[in-house]
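*Asks:* Here it is, the structure, as structure tokens.
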Amino acid sequence: MSQRVDVFALSDAAGETAVRVAKAAFAQFPQLDIVYTKYPFVKNDDQLKNILTLANEKKAVILHTIVSKEISKIINTYCQEHQITYYDILNPIIGTFGQMTHEEPIRQKGLIHELNQNYFDMISAMEFTVNNDDGKNSKGLLEADLVLLGISRTSKTPLSLYLANKNIKVANLPLVPKAAIPDELWKVNPKKIVGLTNDMNVLTKIRRQRMIAYGLDPDTTYSEEDEIQKELDYSNKIYKELGCPVINVADRSIEETAALIMEQLNINGYTKS
């Protein structure tokens with residue numbers, strides 16, 4: 001039986017950063033049974049006292065992104081006094097930057113989620129990507145920041161949506177042998193195109209599982225190795241003709257593949273260059 005660890009993620013804003021940091025850290029311990037509890041919009045009131053008391057009872061680990069000096073001091077002091085394992089994510093970094101720049105931090109919560117131009121650009125990218133998913137709009141290929149190509153089950157749609165969340169307008173196009181390729185594709189700068197591929201054994205397994213999930217016979221041309229090989233050969237031929245970079249998504253997470261794509265496009269951080 002795996003060891004259970006309770007992890008409390010506290011924030012005086014939405015709490016997404018604390019949860020992501022916690023999950024990134026504890027992903028390195030797959031043998032543990034991690035139970036995450038998020039506490040957003042924490043204030044110095046009875047709620048905070050109840051959270052800390054519960055953490056003490058459960059011997060929970062606390063990770064927090066509290067920017068308020070007062071509240072973070074209360075949490076840190078309580079944890080030290082009760083020997084609770086905790087990690088103050090933001091304040092050590094804020095303090096270091098303050099010393100380095102000789103500037104005082106404004107300590108305003110939730111700034112990363114402000115409704116600024118960056119936020120509205122992200123919404124626009126999401127709308128564009130949804131409207132240009134799966135080859136819905138061939139003209140969108142010319143307007144996109146990125147065009148993803150691939151045969152079925154190469155993660156085109158989830159990748160598109162993930163990248164759209166980084167303010168990248170994505171159009172994706174399925175490659176099917178004998179199906180016509182839009183003329184617009186050949187007018188797109190190859191540096192803005194990424195071809196996706198996958199390993200034969202991975203594709204076969206995924207496609208068979210998909211047919212079973214639909215209550216259908218898994219042994220069809222869709223999951224037959226000879227047919228999949230024809231699709232792979234066809235897509236590789238198109239990639240070669242286009243002169244675009246190719247990424248194999250086999251055994252890669254969406255995040256890993258997205259990072260490779262952003263590197264290919266010379267995108268610095270989450271902002272288009």
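*Asks:* Just name the residue that is nearest to residue 176 (Cα to Cα) out of those in region 217-256 that are polar (S, T, N, Q), assigned to a helix (DSSP H, G or I) and in contact with a strand residue (DSSP E or B) (Cβ under 9 Å, 6 or more places away or on another chain).
*Replies:* So the residue we want is 235.
*Asks:* Now for a separate question. If I go through region 73-115 residue by residue, how many of them are polar (S, T, N, Q), surrounded by 16 or more Cβ atoms within 10 Å (Cβ to Cβ) and either modelled with pLDDT under 85 or closer than 21 Å to residue 24 by Cβ (or both)?
*Replies:* 1
*Asks:* May I pose another question? Can you name the residue in region 235-249 that is among the aliphatic types (A, V, I, L, M) and either at pLDDT below 95 or farther than 13 Å from residue 151 by Cβ (or both) and is also farthest from the chain's Cα centre (by Cα) among such residues?
*Replies:* 242
*Asks:* I'm trying to understand the selection: among the residues of region 136-159, which are in contact (Cβ under 8 Å) with a residue 40 or more places away in the chain and either under 14 Å from residue 235 (Cβ atoms) or of a type in the set (Asp, Glu) (or both)?
*Replies:* Within region 136-159, 145, 147, 148, 149, 150, 151, 152, 153, 154, 155, 156 qualify.
*Asks:* If you don't mind, another one. Of (1) touching a strand residue (DSSP E or B) at 6+ places or on another chain (Cβ under 7 Å); (2) open to solvent by 30 Å² or more (accessible area, probe 1.4 Å), residue 126 satisfies all except one. Which?
*Replies:* All conditions are met except number (1).
*Asks:* Consider only pairs whose beta carbons are under 7 Å apart and that are at least six residues apart or on different chains; among these, list those whose first residue lies in region 252-263 and is open to solvent by 60 Å² or more (accessible area, probe 1.4 Å) and whose second residue is at pLDDT 90 or above.
*Replies:* Sorted first by the residue in region 252-263, then by its partner, the list stays empty.
*Asks:* Would you check if there is a residue in region 59-67 being in contact (Cβ under 8 Å) with a residue 40 or more places away in the chain and open to solvent by 40 Å² or more (accessible area, probe 1.4 Å)?
*Replies:* Checked against the condition, which is being in contact (Cβ under 8 Å) with a residue 40 or more places away in the chain and open to solvent by 40 Å² or more (accessible area, probe 1.4 Å), region 59-67 yields at least one hit.
*Asks:* Residues of region 1-28 being part of a loop (DSSP other than H, G, I, E, B), in contact (Cβ under 8 Å) with a residue 24 or more places away in the chain and more than 21 Å from residue 67 (Cβ to Cβ), which ones?
*Replies:* Those that are part of a loop (DSSP other than H, G, I, E, B), in contact (Cβ under 8 Å) with a residue 24 or more places away in the chain and more than 21 Å from residue 67 (Cβ to Cβ): 2, 3.
*Asks:* A further question on this structure: Under 6 Å between Cβ atoms, which residue pairs at least 6 apart in sequence (or on different chains) link something in region 160-185 that is closer than 21 Å to residue 236 by Cβ with a partner that is open to solvent by 20 Å² or more (accessible area, probe 1.4 Å) and among the aromatic types (Phe, Trp, Tyr)?
*Replies:* Every condition considered, the pairs that remain are 177/234.
*Asks:* Being at negative phi, open to solvent by 40 Å² or more (accessible area, probe 1.4 Å) and part of a strand (DSSP E or B) is the requirement here; does residue 36 meet it?
*Replies:* Yes: the conditions hold for residue 36.
*Asks:* For residues that are surrounded by fewer than 12 Cβ atoms within 10 Å (Cβ to Cβ) and closer than 14 Å to residue 109 by Cβ, tally how many sit in region 1-33.
*Replies:* 0
Each row is one residue, and each column tells you yes or no for (1) over 19 Å from the mean Cα position of the chain (by Cα); (2) more than 30 Å from residue 117 (Cα to Cα); (3) surrounded by fewer than 24 Cβ atoms within 10 Å (Cβ to Cβ).
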{"site": "146", "(1), (2), (3)": "no, no, no"}
{"site": "149", "(1), (2), (3)": "yes, no, no"}
{"site": "165", "(1), (2), (3)": "no, no, yes"}
{"site": "169", "(1), (2), (3)": "no, no, yes"}
{"site": "178", "(1), (2), (3)": "yes, yes, yes"}
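*Asks:* Applying the selection to region 214-241, what residues are farther than 14 Å from residue 198 by Cβ and open to solvent by less than 20 Å² (accessible area, probe 1.4 Å)?
*Replies:* If the condition is that a residue be farther than 14 Å from residue 198 by Cβ and open to solvent by less than 20 Å² (accessible area, probe 1.4 Å), then 238 is the only one that fits.
*Asks:* Still on this structure: Tell me yes or no: at least one residue of region 70-81 is assigned to a helix (DSSP H, G or I), over 22 Å from residue 106 (Cα atoms) and among the aromatic types (Phe, Trp, Tyr).
*Replies:* Looking for residues that are assigned to a helix (DSSP H, G or I), over 22 Å from residue 106 (Cα atoms) and among the aromatic types (Phe, Trp, Tyr), one finds at least one in region 70-81, hence yes.
The values are calculated or read from the model by the stated rules, or taken from the named source; none is laboratory data. No experiment lies behind these values; they were computed from the predicted model shown. Cβ coordinates were reconstructed from backbone atoms using ideal geometry, including for glycine residues, and neighbour counts include every protein chain displayed. Remember, those area values only see protein heavy atoms, side chains included, never the ligands or the DNA or RNA. Shrake-Rupley method; radii C 1.70, N 1.55, O 1.52, S 1.80 Å.
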